[in-house]
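The values are calculated or read from the model by the stated rules, or taken from the named source; none is laboratory data. Computed from a predicted structure; not experimentally measured. FYI the Cβ positions are ideal-geometry reconstructions off the backbone, even for glycines, and counts take in every protein chain you see.
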């Protein structure tokens, strides 16, 4: 009897499957988790959206809607760009944020490259110490910096120099973490190949490594800029006089008086600035990752 002539095997009757309740099925769609996530997002965004809404209020109230107007942003008495203190604080925040990026970004990149290549027993200790500002409460960092500047580093005056020193101190760690993770993912093969082809160490870093690090460096610079704009505690300890007030300090001092919607407008401008920084980081990552399977948004989320 050939194989084709053999009688077909009797099919085993399928077992009666019991209906599994939806709440016991581990592979069901996570409706509850999605609902909790969206509820958290709405809970976080609604106050921000309300604050932005009242920055366009036609009256002076910050709780009663009186119509739409752009008077609190520009070209009207008491607006952000017509109020000297608000405009000055906005300019101070932007200058301090840009200066922090200029100092902290290359310093963090250099530290990341050095700590990645350092192979000794002390390297683990140095890596741990470099991350201390990330886990230290900000009020501890601010008070410690104030005592150091006043008692030890007396050549650094309170005001913009001390604030720059403080912002660089706690933002370098962000650059270090992001760039170091990118360095570990790149590996050392590209540099070794460049040196095999005749390049020295500096040429390999300049022509091979730095272009590969560009997305991570830019993303870390945007995070440093946004963090510096938003900082209050360290700036409050080190700002010195009213001439060096930043936007967070001004908001804190003015909100206890009788504020106008101009404060909402000032906070909205900072929020838009942060979003623009993230959008720029996304566009750079998107341009650098054309042809890659990973999206720019995933890269930004991983590094951020």
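Worth pointing out:
- Neighbours by Cβ (under 8 Å, 6+ apart or cross-chain): first from segment 257-276, at positive phi; second buried (at least 19 other Cβ atoms within 10 Å of the Cβ) and assigned to a helix (DSSP H, G or I): none
- When residues of segment 208-241 are limited to those that are out of contact with any helix residue (DSSP H, G or I) (no Cβ under 7 Å at 6 or more places or on another chain) and part of a helix (DSSP H, G or I), the one surrounded by the fewest Cβ atoms within 10 Å (Cβ to Cβ): 211
- Within segment 75-87, being in a helix (DSSP H, G or I) and either surrounded by 17 or more Cβ atoms within 10 Å (Cβ to Cβ) or touching a helix residue (DSSP H, G or I) at 6+ places or on another chain (Cβ under 6 Å) (or both) holds for one residue alone: 86.
- Any hit, segment 188-204, residues being in a helix (DSSP H, G or I), modelled with pLDDT of 80 or more, surrounded by fewer than 18 Cβ atoms within 10 Å (Cβ to Cβ) and out of contact with any helix residue (DSSP H, G or I) (no Cβ under 6 Å at 6 or more places or on another chain): no
- Test: residue in segment 171-178 that is at pLDDT 85 or above, surrounded by fewer than 17 Cβ atoms within 10 Å (Cβ to Cβ) and in a helix (DSSP H, G or I): no
- Enumeration of residues in segment 120-167 that are touching a helix residue (DSSP H, G or I) at 6+ places or on another chain (Cβ under 7 Å) and either farther than 15 Å from residue 239 by Cα or not in a helix (DSSP H, G or I) (or both): 123, 126, 127, 130, 131, 133, 134, 138, 156, 158, 159
- Flag if residue 146 is closer than 17 Å to residue 104 by Cα and surrounded by 16 or more Cβ atoms within 10 Å (Cβ to Cβ): no
- Selection status of residue 116, at pLDDT below 85, within 27 Å of the chain's Cα centre (by Cα) and more than 22 Å from residue 239 (Cα to Cα): yes
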